[in-house]
Structures are given as C-alpha cells and as structure tokens.
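The structure under discussion appears below in the form of structure tokens.
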C-alpha cells in the first residue's frame, strides 16, 4: 500500500468526510483557504485544478503531509529559520538560554508546540548570526 500525497476535498453532501482526518468539507475549506475576515491564514496546502471533473468548477486537492502536520500541531519552519537554528545551536550559551526559555514557556503556556517555542526563542534571541 502506498501513501497518497494529495486527496480530493470531500464532496458537498451530508456525511462526506475526509479519509485522513475524518473532518467535514467546511472544516477543511477553513484550513486550506483560511478565514481572511477574521485574520486566520490558510494552514494546509492545497491545489486547485480548474476545468476538471464534473462541471466546470474543477477539483481541489489537499496536501496530505501538510494536513497531517496541522493535525499533529506542528507548524512548518521555513529554511531561513532552520538555518538560523543550526548556526545558533553550535553556541553553548545559546543552547542554555534557549533551553531555559523553553522551560519557562512550558510553565506559562499550555499547548505550546516545539516549533512555536523555537520560533519564540529565535525571535527573542539577542545572539548575532
């Protein structure tokens, strides 16, 4: 059995669910398009293929690894952040400061993911690259 990278957005009919997450169409649409009027950005990658499928609306595909990452609560880090972390990780003083900051954050904010903690440490770090 091979893992699929892209799946169809569930059809617009009652009871149709995503085979990966079990969520309905409306929830998935909010994740892939975001809710701009409330300032909520898109959280899951997708692609739309126009003039394909039934009618002329096209087909919307959801990126399964992106959906799984969202379900696990780990936002992706971009390459510049990863590069900064690799550079700063060579410094023992940065590692000490980062570890203590993450310990403090774990007591202050329930539900903080590892990526969010590292992003916080990077944004508040006074170390020069």
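The values are calculated or read from the model by the stated rules, or taken from the named source; none is laboratory data. In this text, all values refer to a predicted model and were calculated from it rather than measured experimentally. Methodologically, a virtual Cβ is constructed for each residue, glycine included, from the backbone with ideal geometry; neighbour enumeration extends over all protein chains shown.
Out of curiosity, is residue 33 out of contact with any strand residue (DSSP E or B) (no Cβ under 7 Å at 6 or more places or on another chain) and at pLDDT 90 or above? The answer is yes for residue 33. For region 1-23, the condition of being out of contact with any strand residue (DSSP E or B) (no Cβ under 6 Å at 6 or more places or on another chain) and assigned to a helix (DSSP H, G or I) holds for none of the residues. A single member of 77, 102, 68 is closer than 27 Å to residue 6 by Cβ and at pLDDT below 85, and it is 77. Against the condition in contact with a helix residue (DSSP H, G or I) (Cβ under 8 Å, 6 or more places away or on another chain) and in the same structural domain as residue 120 (by TED's automatic domain parsing), how does residue 94 come out, does it pass? So residue 94 fits the description; yes.
Residues that are within 10 Å of residue 62 (Cα to Cα) and either in contact (Cβ under 8 Å) with a residue 24 or more places away in the chain or part of a loop (DSSP other than H, G, I, E, B) (or both) within region 32-48 comprise 32, 44, 45, 46, 47, listed in sequence order.
The residue that is farthest from residue 5 (Cα to Cα), counting only those in region 49-65 that are in contact (Cβ under 8 Å) with a residue 40 or more places away in the chain and part of a strand (DSSP E or B), is 59. Taking the stated definitions as given, is residue 19 in contact (Cβ under 8 Å) with a residue 60 or more places away in the chain and either under 30 Å from residue 120 (Cβ atoms) or surrounded by fewer than 16 Cβ atoms within 10 Å (Cβ to Cβ) (or both)? It is false that residue 19 is in contact (Cβ under 8 Å) with a residue 60 or more places away in the chain and either under 30 Å from residue 120 (Cβ atoms) or surrounded by fewer than 16 Cβ atoms within 10 Å (Cβ to Cβ) (or both). The single residue among 86, 26 that is part of a helix (DSSP H, G or I), at pLDDT 85 or above and out of contact with any strand residue (DSSP E or B) (no Cβ under 9 Å at 6 or more places or on another chain) turns out to be 26. Go through (1) closer than 27 Å to residue 5 by Cβ; (2) at pLDDT below 75; (3) surrounded by 12 or more Cβ atoms within 10 Å (Cβ to Cβ) for residue 120 and report which single condition fails. So residue 120 meets the others, but not (1).
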